[in-house]
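The values are calculated or read from the model by the stated rules, or taken from the named source; none is laboratory data. Values in this document were obtained by computation on a predicted structure and should not be read as measured data. Here Cβ is always computed from backbone atoms with ideal geometry, including for glycine, and neighbour counts include all displayed protein chains. Surface areas here come from the heavy atoms of the whole protein model, side chains and all, with no ligands, DNA or RNA. Shrake-Rupley method; radii C 1.70, N 1.55, O 1.52, S 1.80 Å.
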Amino acid sequence: MTARVALVTGGAHGIGAGIAARLSQDGWRVVVADRDPAGSAPAGGRYVVGDVGDEASVAALVLSIETMEQRLDALVCNAGFMIRKPIGQLSLAEWNAVLTTNLTSTFLLVRAAEALLRTAKGAVITIASSRARMSEPHTESYSASKGGLVALTHALAISLAPDVRVNCISPGWIVTKGPEPTPEEHAFHPAGRVGKPEDIAALAAFLAGPESGFITGTEFVVDGGVTRKMIYPA
């Protein structure tokens, strides 16, 4: 196995699928892990059904990569979901489910794959959110998980240095499904449009490759400029 190998979690749909496709186009062999049994990997890759918030599933996933691909050059921790509920209605089980998938999974994956990543002088890319910095109502579990992921990123960057670089991408509004945004919604962004999965995938591909060799422990907010935009009452 001579091709660089990447593991993309939550890669069946949306941003994860976009990252997997871009890495495959760039010549990587991509292993996609997702809970969706109907998902798939890009051509030449491999798809694994599993829960990256489960310790045993993560161990089995990484062992399969060690056995089959025999190397791991990039780990993209993208798996995540949101439960939007008033805090008074949010159960502890729901809170824990979001934190486990969105945050704890990165700890489990990096811990399991550390030896492979160090051998490859590889890279870890976490996918957080601009919601680590700003919020809508009733998103406490999601915002907490993404804020924790930003902090975990720089902690890992220091602990795994100099062998492994660890960086974070915090997307803003990225259209992955549903209706096309309105002209007003596009115009709200200083960049003039809402984001696309390809916007995140391009940065992920850069951070996974050798041209970003002097970048680690950094968060990249990719939101079309929204978090820098001052908004006053009408």
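Data for the structure
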{"quantity": "Mean accessible surface per residue for the range 29-68, computed with a 1.4 Å probe while every protein chain stays in place, in Å²", "calculated": "49"}
{"quantity": "Stretch gain in nm, segment residue 87-residue 176, where the contour uses 0.36 nm per residue and the Cα spacing is subtracted", "calculated": "29.4 nm"}
{"quantity": "Segments 225-233, 108-116 sorted - mean Cβ within 10 Å per residue, highest first", "calculated": "108-116, 225-233"}
{"quantity": "Size of charge dipole - the chain - debye, nearest 20, with Cβ of Lys, Arg +1 and Asp, Glu -1, no other charges", "calculated": "260"}
{"quantity": "GNM flexibility winner over the chain from 199, 54, 26 (Cα, springs under 10 Å)", "calculated": "26"}
{"quantity": "Residue 46 long-range amide H proximity, modeled H, under 5 Å", "calculated": "30, 31, 32"}
{"quantity": "Mean residue ellipticity (222 nm) of the chain, computed from DSSP H runs ≥ 4 via -39,500 (n - 2.57), nearest 500", "calculated": "-12000 deg cm²/dmol"}
{"quantity": "Amide H within-cut-off set for residue 69, under 5 Å, with H built and near neighbours excluded", "calculated": "none"}
{"quantity": "Directionally averaged projected area (convex hull, Cα atoms, the chain), nm²", "calculated": "13.6"}
{"quantity": "FRET efficiency estimate (nearest 0.05) - Cβ-Cβ, residue 121 to residue 25, R0 25 angstrom", "calculated": "0.65"}
{"quantity": "Helix 105-120 vs. the chain, principal-axis angle (Cα, 0 to 90°, nearest 10)", "calculated": "40"}
{"quantity": "Other-chain or far-sequence residues with amide H under 5 Å of residue 126's (modelled H)", "calculated": "77, 167, 168, 169"}
